[in-house]
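The values are calculated or read from the model by the stated rules, or taken from the named source; none is laboratory data. Every value quoted in this text rests on a predicted model; they were computed, and no experiment measured them. Glycine gets a Cβ as well: all are built from the backbone with ideal geometry, and neighbour counts include every protein chain shown. Side chains are part of the model used for accessible areas, which takes the heavy atoms of the whole protein and leaves out ligands, DNA and RNA. Shrake-Rupley method; radii C 1.70, N 1.55, O 1.52, S 1.80 Å.
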Amino acid sequence: MSKLPKPDELLKDLDLHKTPEKHWMDIAPEFKPGKFCYAVEPQVMEDLGRPHLGKWQPYDEKWPLPDDWKERILKGIRDRMERFRSFKLFMDICVRCGACADKCHYFLGSGDPKNMPVLRAELIRSIIKGEFSFFGKLFGRMAGARPLTEEVLKEWFYYFYQCTECRRCSVFCPYGIDTAEVTIIMRDLLHELGIATDWAMKPVRFSHFIGNHIGLQPHTIKENIEFLLGDIAEITGLNIEVPINKKGAEILFVTPSADFFADPGIYTFMGYVLLFHHIGLDYTISTYASEGGNFGFFNAVELAKKLHAKIYEEARRLKVKWILGGECGHMWRVWHQYHNTWFGPFNYMDIPRSPITGTVFEHAKDNKIVHICEFTADLIAHGKLKFDPSRNDHVIVTFHDSCNTSRGMGIFEEPRFILKNVCNNFVEMPENTIREKTFCCGSGSGLNADEYMEMRMRGGFPRANAVQYVNQKYGVNTMACICAIDRAVLPTLMKYWVPGVEIAGVHELVGNALIMEGEKERTTDLRYRPLKGMEEEV
Amino acid sequence: MNLVFSILMLIILILIPVIGVGALGLNSLFAIFIPYLGFALFFFGLIYRMIDWARSPQPFKIPTTCGQQKSLSWIKRSRLESPATTWEVYLRMFFEVFLFRSLFRNLRADFDGKRLIYGSAKWLWLGAILFHVSFLIILIRHLRFFVYPVPGVITTIDFVDSFFQLGLPPIYLTDALILAGLGFLLLRRLIDAKVNYLSYASDYFPLLLIITIAATGILMRLYIKPDLYAIKQLAYGLATFNPVMPEGKLSLLFYIHLFLVSSLAAYFPFSKLVHMVGVFFSPTRNMANDNRMKRHVNPWDYPVKYTTYCDWQEKFRDVMEEAGIPIDDEWCKETQKQA
Ligand code: SF4
Ligand code: SF4
């Protein structure tokens, strides 16, 4: 790992209005430590039965490309033009107005013009023009065309792994050109040659063969959960059980596996189970379908589909009525936008209906999947939950909309409604940095690798900057979110840019505030931090 | 460099009719054949593009949700930005196409010391609206050359447009506005460092071409007045597919104007200008955010191999038994039977 520069150094030369002397086509990417992810280990690809380049690293002068690499890429491009209208169209209609230019967090944090979404897409658009179009060949660079070379391939690797597929650019583009979609397709295309990153592919292998990203085996999952239940007993005095692989349960609950084992996701998990216990929900979690996250999505469409198929086999096997999904960003983008196409129709399940309030989730009637924030917001609206928000008085909370749930799903009000019910101190960040205009954590889409730390801190800078503002102005010390990757990477980002701000899941705060039958008087929150006014007791 | 190249291209385009008509006297080639060719390319080119896009399926439903989804009944949702019905999608598209709604949202990001700040940036939107709306009105106005009798709508538009005459000699309002809009767009490309960096000749060229067309049009209206009757004769003949060379004389300026218009038409479908029809196909905008309500089918979807429950259970049978996690052999028998 490279040495990470200090925050001030990182911003020192940042200028959003300076552009290089040279034409962008004449600038080759430099693989500097901290700015790229390592290449995938060949064994990982072999295990998954996919092509690979053998042992190599992106900074190698010469990549071990197969002889026919060019034909394979060109064929791959043609194939994707035929299969994705989005791709074909986005290649044709960009007018290079630049409205998307300063919307990308990577551009704002790096000042590198090739991180302007429009130029990012030009990296492939120029090849399509140069290799397939008559005018492109005739006018070359004047028309924005160039031929496909090994340099181009390197550039693709570099910049399509400097896009977190966050879609912020798409919000502002007059034609809705979604550079995230271009990135998704381009990574898929690079997979034709086996070009991929290690950080994003290892979880795929684990998830495929074992069931979740870090390869937790069934008994380990159970142990972890029991450990968390022990903490719950200590904090609340309640003995709670979590049903595992229970046949005939009404609801299958699937959440990103990080919630089982990684700090601070585990507190969110404690929140879920406190809630489920409190309302007496008939649910189960599964050690087979133990992952809601999907690193396949960050690599290739086919891999994405492969990883989530087990959720449906499990729903059929356990004969559940519907599926409830935990707090996760890209998991929900995939569930919301792709599942119904990949795995439907789901007629072996029922239209989701809350067993507590009787609410029928009409908007999920075909897909049979409900977001836990939708579920909890409904409970609160029906007065089914009692809270003591003062148990969250030691935190001043702001909410981070994760890119995927906001721009890929449209869930804005539900988590805010919950937060306002369980906390007394809720503050919004500046308007242009939240909701559909929210900024990415900088580490999404499989880019949360340690070797990529400098870019992560750069990409997360716009987010952190907005947090810093409310931190200084209102004393915000906690940022709530509904995404497991956020929970994994935002603590690092905060430590770097805004020390003193912690990251929490929405349901962690629900768990803190929930007044439950049979509980003892709580003196700490779920993290064993003393509640306000309880400092002596602890 | 890009700009110089575009200007050169434009000069060549202007020289073609100058030589063709002025020197070689190929009047009917330029008055009849080339306009037909240009518009045929425009028409069939656009159709070709549309069919080409339509031929590729949109495999997944990927609307960009720029507002609250439809979920619980008591949550106020955004019908425009997260449409849940076809009708709402039409509304969203209407606002996109006619009012450039997404562009209206535009922000400018900048540093204020170490703080990133976001200012409103509506100039691009304004420039784009000025240009596009004026262009549309000018096009409609031109229909008076092609139809007889001239419908009331067109005369009304013409009347209103020239009612707000600017200066003397009188010039149409839209003529001034289109030049303002185009001038802004061109200046922006030259002055804004970021936009300048990402502009190609193929970005300058269409702007310059349209500016020149507008300029030649205005020149004809103001100074070098052509024989209007002759133009009407020609236009009407072209429109009714009964082309005749008019009896009166058509000025060279008119030939240049006409040739540039024909070039623009021919260039249109094969350049970025196709965004005009492309915008209607944009899946992030023209699909409803009803993904969990209604199934979307991908015609090329195929089954994938995944680790089945039984394979998985076999692998972990021992540790599962030891940890007291239920084993399900029944399911394996059942699925094997089916397979
Ligand atoms: S906003 Fe859209 S049209 Fe404009 S440059 Fe970006 S991608 Fe192209
Ligand atoms: S999707 Fe996000 S990361 Fe990628 S180009 Fe657009 S704004 Fe940048």
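Points worth noting:
- Figure legend: label point modelled 7 angstrom from the Cα of B:Leu173 along Cα→Cβ; residues of the stretch B:114-150 with amide N under 14 Å from it are B:130, B:133-135, B:137-138.
- Net charge of neighbours whose Cβ lies under 9 Å from the Cβ of B:Arg141, counting Lys and Arg as +1 and Asp and Glu as -1: -1
- Between helix B:201-222 and chain B: long-axis angle, C-alpha atoms, 0 to 90°, nearest 10: 30 degrees
- With all protein chains modelled, accessible area of A:Glu131 [1.4 Å, Å²]: 40 Å²
- Each residue, B:Tyr48 and A:Lys386, gets one label point 7 Å from its Cα in the Cβ direction; the gap between the two is 7.4 nm.
- Counting only Cβ charges, +1 for Lys and Arg and -1 for Asp and Glu, the dipole size of the stretch B:1-304 around its Cα centre is about 1120 debye.
- Dipole of the stretch B:1-304 computed with +1 at Lys/Arg Cβ and -1 at Asp/Glu Cβ about the Cα centre; of B:Ile75, B:Ser262, B:Ile51, farthest Cα towards the positive end is B:Ile75.
- Chain B: Cys lacking any partner C-beta under 4.7 angstrom: B:Cys66
- When +1 charges are put on Lys and Arg Cβ atoms and -1 charges on Asp and Glu Cβ atoms, the dipole computed for chain A relative to its Cα centre reaches about 1420 debye.
- Above-threshold pairs, the threshold being 18 Å between Cα atoms, out of A:Lys103/A:Lys420; A:Lys247/A:Lys310; A:Lys306/A:Lys365; A:Lys22/A:Lys88; A:Lys368/A:Lys437; A:Lys437/B:Lys122: A:Lys103/A:Lys420; A:Lys306/A:Lys365; A:Lys22/A:Lys88; A:Lys368/A:Lys437
- Extending 7 Å from Cα along the Cβ direction at B:Glu334 and again at B:Phe241 yields two label points whose distance is 6.6 nm.
- Oblate is the label for the stretch A:22-104, because a/c, from the alpha-carbon gyration tensor with a ≥ b ≥ c as root eigenvalues, is 1.5 or above and a/b does not exceed b/c.
- Positive minus negative residues near A:Pro264 (Lys, Arg vs Asp, Glu; Cβ under 12 Å): -4
- Positive dipole terminus of chain A, leading residue within A:Ser354, A:Leu281, A:Cys100 (C-beta point charges): A:Cys100
- Taking only protein heavy atoms and a 1.4 Å probe, the accessible area of the stretch A:211-513 is 46% carbon and sulfur.
- Alpha carbon convex hull of the stretch A:211-513, volume per residue in cubic angstrom: 120 Å³
- Nearby aspartates and glutamates by direct alpha-carbon distance to B:Lys305 (threshold 16 angstrom, same-chain neighbours under 8 apart not counted): A:Glu46, A:Asp47, A:Glu302, A:Glu313, A:Glu314
- Between B:Val195, B:Val304, B:Val133, the Gaussian network model of chain B with springs among Cα atoms under 10 angstrom shows the greatest mean-square fluctuation at B:Val304.
- Förster radius 51 Å - calculated FRET efficiency between A:Asp263 and B:Val133, Cβ distance, rounded to 0.05: 0.35
- Within 10 Å of the Cβ of each residue in B:23-36, the mean number of Cβ atoms contributed by other protein chains is 0.
- Cut-off under 5 Å, modelled amide H: who pairs with A:Leu531 long-range: A:Thr524, A:Asp525
- Chain A: angle of helix A:117-132 to the longest principal axis, Cα-based, in degrees nearest 10: 40 degrees
- With every protein chain in place and a 1.4 angstrom probe, the accessible-area ranking of A:Glu535, A:Glu413, largest first, reads A:Glu535, A:Glu413.
- Centroid-to-centroid, using Cα positions, the stretch A:373-437 and the stretch B:181-237 are 51 Å apart.
- Our analysis of the stretch A:320-370 gives Rg over Rh at 0.96, with the two radii drawn from alpha carbon positions and Rh computed by the Kirkwood formula.
- Taking every protein chain into account, the accessible area of the protein assembly as shown amounts to 38 square angstrom per residue (probe 1.4 Å).
- Partnerless cysteines in chain A, where a partner means another cysteine C-beta under 4.7 angstrom, comprise A:Cys37, A:Cys94, A:Cys97, A:Cys104, A:Cys163, A:Cys173, A:Cys328, A:Cys373, A:Cys423, A:Cys441, A:Cys481, A:Cys483.
- Dipole of the protein assembly as shown, positive direction: furthest Cα of B:Leu29, A:Gly460, B:Tyr309, with charges on the beta-carbon: B:Leu29
- Folded to 0 to 90 degrees: helix A:461-474 orientation relative to chain A principal axis, Cα: 40 degrees
- Per residue of A:365-374, other chain Cβ atoms within 10 Å of the residue Cβ number 3 on average.
- When the convex hull of its Cα atoms is viewed from all sides, the protein assembly as shown shows a mean projected area of 40.2 nm².
- Straight-line cross-link reach from A:Lys3 at under 19 Å between alpha-carbon atoms covers these aspartates and glutamates, not counting any fewer than eight positions away in the same chain: A:Asp13, A:Glu30, A:Asp450, A:Glu451, A:Glu454.
- Each Lys or Arg adds one and each Asp or Glu subtracts one; over the other residues with Cβ under 9 Å from the Cβ of A:Ile411, this totals -4.
- Distance between the C-alpha centres of the stretch A:36-91 and the stretch A:268-293: 38 Å, rounded to the whole angstrom.
- For peptides A:98-111, B:110-123, sequence by mean Cβ density within 10 Å, most packed first: A:98-111, B:110-123
- The dipole here belongs to the stretch B:158-248: it is taken about the Cα centre, uses +1 on the Cβ of Lys and Arg and -1 on the Cβ of Asp and Glu, and is about 220 debye.
- Per-residue mean of foreign Cβ neighbours for B:98-111 is 5 (Cβ atoms of other chains, 10 Å radius).
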